1. Starting from the 7 Å offset along Cα-to-Cβ, what nm value, one decimal, do you get for the label separation of ALA48 and ARG331?
2. Suppose we flag GluC sites (Glu not before Pro) only when DSSP calls them loop and at most 16 other Cβ atoms lie within 10 Å. Which is the longest uninterrupted stretch of the chain?
3. Of the cross-linked pairs LYS291/LYS410; LYS122/LYS241; LYS241/LYS373; LYS99/LYS122; LYS320/LYS410; LYS69/LYS338, which ones have a Cα-Cα span greater than 26 Å in the structure shown?
4. Could I have the simple spin-label model distance between SER370 and LYS306, label points 7 Å from Cα toward Cβ, reported in nm to one decimal?
5. Under a 5 Å amide H to amide H cut-off, with H placed in plane at 1.01 Å, what residues pair with VAL131 once short-range neighbours are removed?
6. Sorting MET59, MET172, MET295, MET50 on the 10 Å Cβ count, fewest up front, what's the list?
7. Could you tell me the calculated FRET efficiency between ARG219 and ILE19, based on Cβ-Cβ distance and R0 = 60 angstrom, to the nearest 0.05?
8. From the phi angles alone, apply the Karplus equation (6.51, -1.76, 1.60; θ = phi - 60°) to region 304-315 and give each ³J(HN,Hα) in whole Hz, x where the residue is Gly or Pro.
Amino acid sequence: MMKYLDLRFDQLMGRYGFILGAIVLVIALAGLLIAWRSDKAPRSLVAALMIAFAVGAVMFGPSAPRVAKAFWRLAFAPPPPPPSGPLRVGEAYVALAPKGQGGTIPAPILARIWYPAAADAKLEASGPRPVDCAALSSTRLADPGPQGRFPLLLYAPGFANAADDNSSTAAMASHGYVVLAINHLEWTPPPGQPQSFFDYSSEAGYQATLRRGAEHSIREAKVALRALDILTECATGDFAKYVAFDRVGFFGFSFGASVAANAAILDPRVVAAVNLDGWVFGPALEGGITKPYMMLFDDEPLPDAKAFASPDPATRAYAKAQDDLVREHGRLFESPDKYGFWLRNTVHADFNDLAFSRGNWLSWFFADPSRVKAIREDYLLAFFDAYLRHQPQTLLTADPSPYIGVTPVKGRPKWAEGEERVPFLAWIGLK
């Protein structure tokens, strides 16, 4: 019970207020029906029930469309909304083959490419077999207009996910970006080592996770950058003519965020990176991020003193992991060209297409996944337009955000200490 009482006041009202409102509505309506059937109900009771009904309606009313849509999603499980931009989107599944050296033939890098297609281009669904780079020569891109070339973005998916785990890739293509995504690299535990990549069972487990995370995210970043090298070398036709390969952006979801951040540290071509609710490891966690950087993150509570003092080593280790991430980002967000946005009432899956699966159904009652997708794509577009197209964007500096439920953390240094997220029991003086 204490777990559910220990909520921030704003979270109590923003996340659970509609549930309280629904309960009040039902009780008040039931009371009014009983009073209507009875001739002896005092007028004062009827008046109180009517006031309660009005209060419940005020609390539940704003959430009614979202709740109705959540039930509709449960019934029909619609896919993510189509790309929001004005351009048609083409997709290609490609095998980017490095040139062999010394008689060896390296394995190709499997990747997906989303691109703004010409208005009259014939678009075919990408099949199960990848095409080679030469097949892209006949691909017709849209006219990039005065900008001359389309900027290119790299994308890294979540841990163990495929390159197409996030339809924001296609959305960015519909706004005039070419997006190149690779699959997450498989990880096999060494003999005698823990079978889980992420181990927060103890301080030693956390330190081992930091080492694995650094090694694997840097390795995956190098593969993504190698894919960029190959595509740059083999591009012909419209891809060679209309795509800018020398200044690119990189965004990633979950573990892919560490891949994106470390790629920006490794390669001068990557001029800006976005973290979609992910952990970072290695240089990205150790002060290495100096380029433009943005993080969008969910509503997971920050660790408190009780977590650090817990007798459970797993609780202490996870609190330490959260604290390391939050403090480094709290420092980053106060420096130029670094942005953080807290999307309230969201969960981790809201930052990729898992948000639309029935396995995520409970979160639909608290945040509409289509709305969250639109918000994250507006921030992605604003960020990359600012740093790849050099177009000033007021959305990045707007405080308050034009979106209800989005809190910019720049200028709120106490956010990193958890003081922006006050538990409800503490707010009312009971803790």
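1. Label-label distance for ALA48 and ARG331, simple model: 5.8 nm.
2. Values: sites that count: GLU124, GLU186, GLU286, GLU334, GLU419, GLU420.
It works out to 1-123.
3. Numbers: LYS291/LYS410 16 Å; LYS122/LYS241 19 Å; LYS241/LYS373 31 Å; LYS99/LYS122 31 Å; LYS320/LYS410 23 Å; LYS69/LYS338 35 Å.
Correct reply: LYS241/LYS373; LYS99/LYS122; LYS69/LYS338.
4. About 3.9 nm, to one decimal.
5. Counting only residues 5 or more places away or on other chains, the set is TYR93, VAL94, ALA95.
6. Details: MET59 20, MET172 28, MET295 23, MET50 14.
So the ranking, lowest neighbour count to highest, is MET50, MET59, MET295, MET172.
7. Details: r = 45 Å, r/R0 = 0.75.
It comes out at approximately 0.85.
8. For region 304-315, the Karplus-derived couplings read 10, 4, 5, 5, 5, 9, 4, x, 7, x, 5, 5 Hz, x marking Gly and Pro.
Each value in this text was obtained by applying a stated rule to the coordinates, not by laboratory testing. Keep in mind the model is a prediction, meaning the values are calculated, not measured. For neighbour counting, all protein chains shown are included, and Cβ atoms are generated from backbone atoms with ideal geometry for every residue, glycine included.
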